[in-house]
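Throughout, read-outs are computed from the coordinates displayed, never taken from laboratory work. Remember, predicted model here, so these are calculated numbers, not experimental data. Virtual Cβ from ideal backbone geometry, glycine too; neighbours counted across all protein chains shown.
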Amino acid sequence: MKNMQENRTMLKSNIAVGLDIGTTKVCVVVAERDELGKLNVLGKGRSSSDGLQRATVVNINKTVTAIRAAVADAERESSIRIRGVNVGISGAHVHCIHSNSEISVNQTGIVNESDVKRFLEKAKTNIRYLDIDHEIIHVIPQEFIVDDQEGLLDPIGMAGTTMRGSAYIVVGLRTKIRNIKQCIEKAGLEISALTFEPVASGLAVMKESEKKSGVVVIDIGGGTTEVAIYIEGAIRYSEVIKVAANDVTHDIAHGVKALYEVAEELKINHGCAYSGIKAEEEELLIDGIEGRPQKTFPKSSLTMIIEARMMEIFELVRDSLRRSGYYEYINAGAIITGGGSLLPGTEELAHEVLGLDVRIGYPEGVSGGIKDSVNNPIYATVMGLVAHSFKNNLSVDHNITLAPEPPASEKKKTEKRDDDSGQEQNPAGKKIVERIKKFWEQL
Ligand SMILES: Nc1ncnc2c1ncn2[C@@H]1O[C@H](COP(=O)(O)OP(=O)(O)OP(=O)(O)O)[C@@H](O)[C@H]1O
Ligand SMILES: [Mg+2]
């Protein structure tokens, strides 16, 4: 019996699930953490999403269907029954409030976890104004001062009598949060946490050195561009801008006079965000709408359309950085992530408009398993949600129940699909299934 419980605990603390409900796609990642603290992806699911506008749910049923489809794929790949998920939240309704806090350290005189909890609770109650339409999503400590020792990021174990400092409190509109919660519940899942998406994306793509010296993470998604500034190891400012990569596609459709889907294809296959990159002139062949004749469109004109909108995005980001008051402190420069960062020329254009050194952000700290399948900026948020779960001990034991054996006929189909895909079965997934099987046998 003792042995069984040890097994359960081991499994419990080692698996986390992230769910990113984006404007263009819903994706789920199931991962475990290896001995080196790296994320080993056991399963991933992705489905296209059309129940959101600019990162806000506008159609519950469509969103639930997309969540179910992505979860089913991730469950199949990982052989793990998903229940508790760390869900990303974003949208222009989310904003942040700085709040100060001060507490007396417990009687031992050594700061412990419950002191930190009390500190954060106090920060919540110290918010000067929060109207009834908003609720707190989460509280992120920024800086602790134990007695006169300033600038502490982790105060646990420090000796002192009082602890002061500040926290970054993320709040959002109750109704919009409720819509997300409804979607999760209707999809048969539980929320282990709601996490502000720029916080998650930042966690996935930033290196410690950048976070310390000052960096801005810019996630250009389909519907929103999220900005998060980190200085001296803590988040200082964030903003959600309502212009993003889908606007680029709309502009192309408008400029070329083509269907949105055709414009999207043009963007992905021939798009460039910076006219300073000299390319050979080319005439692109465009399908006419509903049987109208094909036509040609100069590639250089496509670049001009894309550059104009991407420039607007970076100008809005630059305004946001100036508004924040932290622009001068962003020493490391910018990390651009999200699907919008995949357009060639993005780095060059961003460098020119923002006046910062730029790199593109891919999820970091991923090992083994099906690593390559998440090695893309569009998975920065979901990988950050998984990392955030581990960082905050949010993984829960009901994440890991062996998925029921499919009926024989279904099983055949599934096996055939796996074969067809030509993908190697995930060895880490296999390992965990064996461990879970053993666990059930011991019962
Ligand atoms: N290879 C690519 N080249 C250019 N653009 C791309 C590429 N892949 C994806 N995109 C664009 O990235 C956008 C989607 O990015 P992402 O998946 O990060 O958005 P999302 O998370 O669904 O949306 P949001 O974060 O705004 O809710 C789309 O506009 C898409 O056209
Ligand atoms: Mg996104």
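What the table shows:
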quantity: For the chain, share of DSSP beta bridges that run antiparallel, in % to the nearest 5; calculated: 75 percent
quantity: Across Lys211/Lys391; Lys44/Lys299; Lys124/Lys176, pairs whose alpha-carbon gap is larger than 24 Å; calculated: Lys44/Lys299
quantity: Residue with peak Gaussian network fluctuation, the chain [Cα springs, cutoff 10 Å], from Val146, Val85, Val248; calculated: Val146
quantity: Among Thr249, Thr125, Thr65: highest mean-square fluctuation, GNM of the chain, C-alpha pairs under 10 Å; calculated: Thr125
quantity: Neighbour net charge for Ser324 - beta-carbon separation under 9 angstrom, K R +1, D E -1; calculated: +2
quantity: Convex hull per residue volume in Å³, alpha carbons only, for the chain; calculated: 171 Å³
quantity: Residue (of Ser300, Phe314, Ile218) at the positive-pole extreme of the chain, dipole from beta-carbon charges; calculated: Ile218
quantity: Descending semi-axes in Å of the stretch 95-172, equivalent ellipsoid built from Cα gyration tensor; calculated: 25, 11, 10
quantity: Gaussian network model of the chain, Cα within-10 Å springs - most flexible of Val366, Val262, Val17; calculated: Val262
quantity: Packing-based ranking, highest mean first, of 344-353, 173-182 given that Cβ atoms within 10 Å are counted; calculated: 344-353, 173-182
quantity: Among the listed pairs Lys25/Lys267; Lys207/Lys267; Lys181/Lys371; Lys25/Lys62, those beyond 19 Å (Cα-Cα); calculated: Lys207/Lys267; Lys181/Lys371
quantity: Whole-percent pair-distance distribution, where bins are 10 Å wide, for the alpha carbons of the stretch 201-254; calculated: 25, 41, 23, 10, 1
quantity: Charge dipole (the stretch 95-172, unit charges on Cβ, about Cα centre) - positive-most of Ile156, Val116, Leu130; calculated: Leu130
quantity: Sequence-distant aspartates and glutamates (8 or more away, or on other chains) whose Cα lies within less than 17 Å of Lys117; calculated: Glu102, Glu143, Asp154
